[in-house]
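Colleague: Sharing a structure here in structure tokens format.
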Amino acid sequence: MLILKLNIKDTFSKELPADPVFKNARRQVTKACFSYLTPKKPSNPSLIHKSPEMMDAIGLDESVATQDFLNIFSGAEILPNTKPYAMCYGGHQFGNWAGQLGDGRAINLAEVEHNGKQWALQLKGAGETPYSRTADGLAVLRSSIREYLCSEAMFHLGVPTTRALSLVLSGDTVLRDMMYDGNPDYEKGAIVCRVAPSFLRFGNYELLAARQDVETLKTLVDYTIKHYFSHLGAPSKEAYVSFFKEVAVKSMEMVIHWQRVGFVHGVMNTDNMSILGLTIDYGPYGWLEDYDFGWTPNTTDRANRRYRYGTQPQIVLWNLLKLANALYPLIEEAEPLQKILAEYQEDVENGYLAMMKSKLGLVEVDSNDGLLIETLEAVLQRSETDMAIFFRTLSKFDSTGGGLEMVADAFYKPDEIQGEIQKDWMAWFSMYAARLKLETQSNDQRAKTMNTINPKYVLRNYMAQLAIDDADKGDYKLLDELFQLLKKPYGEQPHNEKWFAKRPDWARNKVGCSMLSCSS
Ligand code: AMP
Ligand code: MG
């Protein structure tokens, strides 16, 4: 008998219209928010890792039998009194309307309530759904490790994100042409159970609006407000406008965090934008090593670099505009929505400035702060400079000079730091030193605060790749080491100093380290 004691409280599938068809076969699904289905039976599942924090969050304790846990979170068995389903959504992909997309390889098991919080449990890679289109509904080990490690790492960094409960090998192989260059290969299949209060995306609303299904759109918006924005009260035009405002603010906060920690999502399509402002869908994401506004890890986006680091805040605005269009039929007035979009523009600039000031340890207000930051951004981009190391070591600067030597470790090509570049750096450090004189905090206090904002340890692309290479051979020690390391990204971990280092040279142009495709 299965003894996973979870407090099941389904709301999405109970309160929203279901697709009346009960087959996994691919199709267009209208007048519905989701389709019931059955996960694929994995041939030989085995557990690689689970997150104790997430176990705790959903109300599972360590005593749960491994086999029961594995059966549920590999899709082999279904929790009693639950009916798995895939969500129906659309989206704008790389700037173009793509029509129906949906959970092509995500299967929602159930929602649970624990400690007053609602959590949806979702398997990624557990087989095909009506929304799988031309793909197989599966996920490979490498992308599953990347999602598993990064979701938990982002949480510990204080970035709003979906979470990860478990990582399981399915025992099946999956065919992938990783670089889309005509060289497909079999890879190990894996399944991540990810967890979030809700996996609703902008695209869920967009699809209903595109189909002019205003009735279902209203049902879905009312459901969203009732469960996730209940303080906005009963359904009304005002509540819908306030809802949009809150989504705009949450999305803005999320993207400012991304800029702070140097996270590049890679595929900011509207189907990958959470309505709760959570980082969602860890695909070809990457961590900024060289501080370069133009960088994107996603090779699929190499030509236009639409989703490069420096454009992320503007892309959120573009995506919000698409959401505004989707909500318009319920509001029938453009002006309040336009006002919110205009406010976003202003707020994101102010928010970005405040965030950058905090990275520099500046509390007081000075009219030249914008200039100080712009000057820094320009000089940081003049030669290859490691973002995490630069900001972390900057906390040691005590305004008595010697700044450049202090951050020397951050430069990938130290030889380049001479002549004009060196002069620019010295000029910036003098500006910074002068600016610090306006601060009332002691150097020690400032350093302490800066170290709660500038992470020491992030999941550098090559670190994830090393864990993937080992895991591919069946060795999960490094995966666990990184999982533990990233629980304290702001702490000093003397035994982990090796992870506070620039990307090694072998990783500079390596697939998986600096180049990632959407293949997963
Ligand atoms: P993404 O850009 O990875 O967020 O995916 C865009 C769409 O493609 C979503 O509808 C996904 O569910 C779907 N998708 C991606 N990979 C697969 C896959 N292997 N099988 C089925 N659907 C997929
Ligand atoms: Mg997606």
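The values are calculated or read from the model by the stated rules, or taken from the named source; none is laboratory data. No experiment lies behind these values; they were computed from the predicted model shown. As a convention, Cβ positions derive from the backbone with ideal geometry for all residues, glycine included, and neighbour counts pool all protein chains shown.
Quick grid of which residues meet (1) of a type in the set (Val, Ile, Thr); (2) assigned to a loop (DSSP other than H, G, I, E, B):
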site	(1), (2)
Ala239	no, no
Glu246	no, no
Glu253	no, no
His257	no, no
Val267	yes, yes
Asp281	no, yes
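Colleague: Right, something else. Could you please find all residues in the range 131-156 being assigned to a loop (DSSP other than H, G, I, E, B) and either away from ligand 2 (no atom under 16 Å from the Cβ) or hydroxyl-bearing (Ser, Thr, Tyr) (or both)?
Modeller: If the condition is that a residue be assigned to a loop (DSSP other than H, G, I, E, B) and either away from ligand 2 (no atom under 16 Å from the Cβ) or hydroxyl-bearing (Ser, Thr, Tyr) (or both), then Tyr131, Ser132, Thr134 are the ones that fit.
Colleague: A further question follows. So if I check each of Glu332, Glu289, which one is more than 16 Å from ligand 2 (Cβ to nearest atom) and either of a type in the set (Ser, Thr, Tyr) or more than 30 Å from Arg508 (Cβ to Cβ) (or both)?
Modeller: Glu332
Colleague: Might you check whether a residue that is in contact with a His (Cβ under 7 Å, 6 or more places away or on another chain) and of a type outside the set (Phe, Trp, Tyr) occurs anywhere in the range 492-505?
Modeller: Scanning the range 492-505 turns up no residue that is in contact with a His (Cβ under 7 Å, 6 or more places away or on another chain) and of a type outside the set (Phe, Trp, Tyr).
Colleague: Looking only at the range 298-306, decide whether some residue is within 30 Å of Ser236 (Cα to Cα) and in a helix (DSSP H, G or I).
Modeller: Within the range 298-306 (the criterion being within 30 Å of Ser236 (Cα to Cα) and in a helix (DSSP H, G or I)), the answer is no, since none of the residues qualifies.
Colleague: Is it fair to say Tyr85 is at pLDDT 95 or above, within 11 Å of ligand 1 (Cβ to nearest atom) and either under 17 Å from the mean Cα position of the chain (by Cα) or crowded, with 16+ Cβ neighbours inside 10 Å (or both)?
Modeller: So Tyr85 fails the test.
Colleague: Also, quick follow-up: Read through the list (1) within 16 Å of ligand 1 (Cβ to nearest atom); (2) more than 20 Å from the chain's Cα centre (by Cα), then give the number of the only condition that Thr296 fails.
Modeller: Every listed condition holds for Thr296 apart from (2).
Colleague: Right, something else. Which residues, taken from the range 271-286, are out of contact with any Asp or Glu (no Cβ under 6 Å at 6 or more places or on another chain) and near ligand 2 (Cβ under 10 Å from one of its atoms)?
Modeller: Asp271, Met273, Ile280, Asp281, Gly283
Colleague: Anything in the range 441-453 that is part of a loop (DSSP other than H, G, I, E, B), at pLDDT 95 or above and under 13 Å from Leu362 (Cβ atoms)? List them, or say none.
Modeller: Ile453
Colleague: Quick one: Lys117 ticks every box in (1) under 19 Å from Phe199 (Cα atoms); (2) surrounded by 17 or more Cβ atoms within 10 Å (Cβ to Cβ) bar one, so which box is it?
Modeller: It fails just one condition, (2).
Colleague: Let me confirm something: among Glu215, Glu246, Glu253, which residue is more than 24 Å from the chain's Cα centre (by Cα), farther than 25 Å from Asn96 by Cβ and away from ligand 1 (no atom under 16 Å from the Cβ)?
Modeller: Glu215
Colleague: From the list Asp475, Asp415, Asp398, Asp424, which one is closer than 30 Å to Val168 by Cα and out of contact with any strand residue (DSSP E or B) (no Cβ under 9 Å at 6 or more places or on another chain)?
Modeller: On inspection, the qualifying residue turns out to be Asp475.
Colleague: Pick out the one residue from Thr173, Thr134, Thr66 that is within 23 Å of Asp301 (Cα to Cα) and free of Cβ contacts under 8 Å to residues at least 60 places away in the same chain.
Modeller: Thr134
Colleague: Out of Gly91, Gly95, report the one residue that is modelled with pLDDT of 95 or more, under 23 Å from Tyr205 (Cα atoms) and in contact with a Leu (Cβ under 8 Å, 6 or more places away or on another chain).
Modeller: Gly91
Colleague: Specify which of the listed residues (Gly102, Gly171, Gly95) is in contact with a strand residue (DSSP E or B) (Cβ under 8 Å, 6 or more places away or on another chain), within 30 Å of Trp318 (Cβ to Cβ) and not charged (D, E, K, R).
Modeller: Exactly one residue qualifies, and that residue is Gly102.
Colleague: Name the single residue, out of those in the range 125-138 being under 19 Å from Cys33 (Cβ atoms) and crowded, with 22+ Cβ neighbours inside 10 Å, that is nearest to ligand 1 (Cβ to nearest atom).
Modeller: Tyr131
Colleague: Between a residue in the range 286-303 that is free of Cβ contacts under 8 Å to residues at least 40 places away in the same chain and any residue that is of a type in the set (A, V, I, L, M) and crowded, with 19+ Cβ neighbours inside 10 Å, which pairs come within a Cβ distance under 7 Å, given they are 6 or more apart or on different chains?
Modeller: Trp295/Val264; Trp295/Leu288; Thr296/Val264
Colleague: Considering the range 391-417 alone, what residues qualify as being in contact with a helix residue (DSSP H, G or I) (Cβ under 7 Å, 6 or more places away or on another chain), without any contact (Cβ under 8 Å) to a residue 40 or more places away in the chain and part of a helix (DSSP H, G or I)?
Modeller: Of everything in the range 391-417, those that are in contact with a helix residue (DSSP H, G or I) (Cβ under 7 Å, 6 or more places away or on another chain), without any contact (Cβ under 8 Å) to a residue 40 or more places away in the chain and part of a helix (DSSP H, G or I) turn out to be Thr393, Gly403, Leu404, Met406, Ala408, Pro414.
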